[in-house]
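The values are calculated or read from the model by the stated rules, or taken from the named source; none is laboratory data. This one's a predicted model, so the numbers in the text were calculated from it and none came from an experiment. Quick reminder, even Gly has a Cβ in these numbers, built from the backbone with ideal geometry, and neighbours come from all protein chains shown.
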Amino acid sequence: MSQWRRVRQGAQPARTDETVARMAQRDARPARVDDATAEAFQGLAQLVYAADDFAVVYEAIVAAAPRLVVGCDHASLMLRQGGRFQTAAASDDVARLVDEFERDLGEGPCLDAIVDDSVYHDADLTDGSPWPRLTERVLARTPVRGMAGFRLRAGEDRTGALNLFSDRAGGLTPESVNQGIVLAAFITVTLAASQQRKTADTLKAGLASNREIGKAMGLMMAFHKITDEQAFEMLRKASQDMNLKLSEVARQVVEHHNRA
């Protein structure tokens with residue numbers, strides 16, 4: 001049977017005193033990072049900082065995955081949006097197709113990773129699999145022979161998963177899994193940044209709308225000699241009668257005053 005693994009993210013094996021000592025010696029040495037890998041992550045980080053459209057960031061991440069993860073030939077990012085799973089980005093048509101198979105069949109490493117908060121890794125689909133229906137379809141219609149799914153999370157919500165695929169049986173090694181976990185962590189930070197950006201934009205829009213409504217109410221109170229409650233009621237009624245948002249009615253009131 002295939003040597004597939006479920007890796008609980010954050011779980012640690014039991015360690016003896018000797019093991020801890022060896023780890024302390026190893027961790028005291030500076031970690032060596034491949035220059036190309038460091039450059040790739042630096043470029044992605046700059047893109048996250050500057051991007052207005054995070055869809056571009058997601059596409060850049062899955063495109064970079066084959067360079068960042070040993071044995072990875074294709075990658076996809078599946079997010080849960082409105083209770084449904086959707087492919088937010090895919091490195092190519094192969095990755096997008098496997099995602100489609102997972103959604104259609106309701107099984108696979110990506111879906112399991114989201115539900116179970118784990119990494120699901122099957123290095124060799126040709127020797128049995130925990131996802132038999134998916135495996136049968138993948139082997140028949142794609143070059144993929146190994147795959148892994150990594151859970152992504154923003155805040156307390158399970159938001160999606162990163163899928164990595166290899167065209168070579170055994171291509172996704174334990175080292176690949178570790179690299180995938182690092183990439184998934186980077187994507188999690190990106191998702192959090194995206195959510196914060198949306199929240200900030202929503203807040204900014206709300207503040208702008210409230211400012212316009214406040215201006216309109218002040219003008220109406222001064223012109224009609226009415227209270228703030230009466231001014232707001234006039235705006236609300238106009239909004240209903242004209243079938244416009246309250247903020248749009250307020251904007252028109254302010255513009256009319258400025259033109260007068």
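Could you list, in sequence order, all residues of the stretch 89-100 that are assigned to a helix (DSSP H, G or I) and closer than 20 Å to Leu152 by Cβ?
Ala95, Arg96, Val98, Asp99, Glu100 - these are the residues of the stretch 89-100 that are assigned to a helix (DSSP H, G or I) and closer than 20 Å to Leu152 by Cβ.
Using beta carbons and a limit of 9 Å, which pairs, at least six apart or on different chains, have the first residue in the stretch 217-235 and more than 18 Å from Arg251 (Cβ to Cβ) and the second one surrounded by fewer than 15 Cβ atoms within 10 Å (Cβ to Cβ) and among the polar types (S, T, N, Q)?
Cβ pairs passing all conditions: His224/Gln230.
Quick one: in the stretch 210-254, which of the residues that are among the aliphatic types (A, V, I, L, M) and loosely packed, with under 14 Cβ neighbours inside 10 Å is farthest from the chain's Cα centre (by Cα)?
So, considering only residues that are among the aliphatic types (A, V, I, L, M) and loosely packed, with under 14 Cβ neighbours inside 10 Å, the one farthest from the chain's Cα centre (by Cα) is Ala222.
Output the residues belonging to the stretch 104-135 that are assigned to a loop (DSSP other than H, G, I, E, B), closer than 16 Å to Met78 by Cα and touching a residue at least 40 places away in the same chain (Cβ under 8 Å).
Gly108, Asp117
Modelled with pLDDT under 95 and within 20 Å of Tyr58 (Cα to Cα) - does that describe any residue in the stretch 132-141?
no
Any idea which of (1) at pLDDT 90 or above; (2) of a type in the set (Gly, Ala, Ser); (3) not in a strand (DSSP E or B) is the one Ala75 doesn't satisfy?
(3)
Take Ala161 and tell me if it is surrounded by fewer than 18 Cβ atoms within 10 Å (Cβ to Cβ), among the small types (Gly, Ala, Ser) and either part of a strand (DSSP E or B) or modelled with pLDDT under 75 (or both).
Here the answer is no, as Ala161 does not meet what is asked.
Tell me whether the stretch 65-72 contains one or more residues that are at positive phi and touching a residue at least 12 places away in the same chain (Cβ under 8 Å).
Yes, that holds for at least one residue.
Considering only residues that are assigned to a helix (DSSP H, G or I) and farther than 12 Å from Met217 by Cα, which ones fall in the stretch 229-251?
The answer is Lys237, Ala238, Ser239, Gln240, Asp241, Met242, Glu248.
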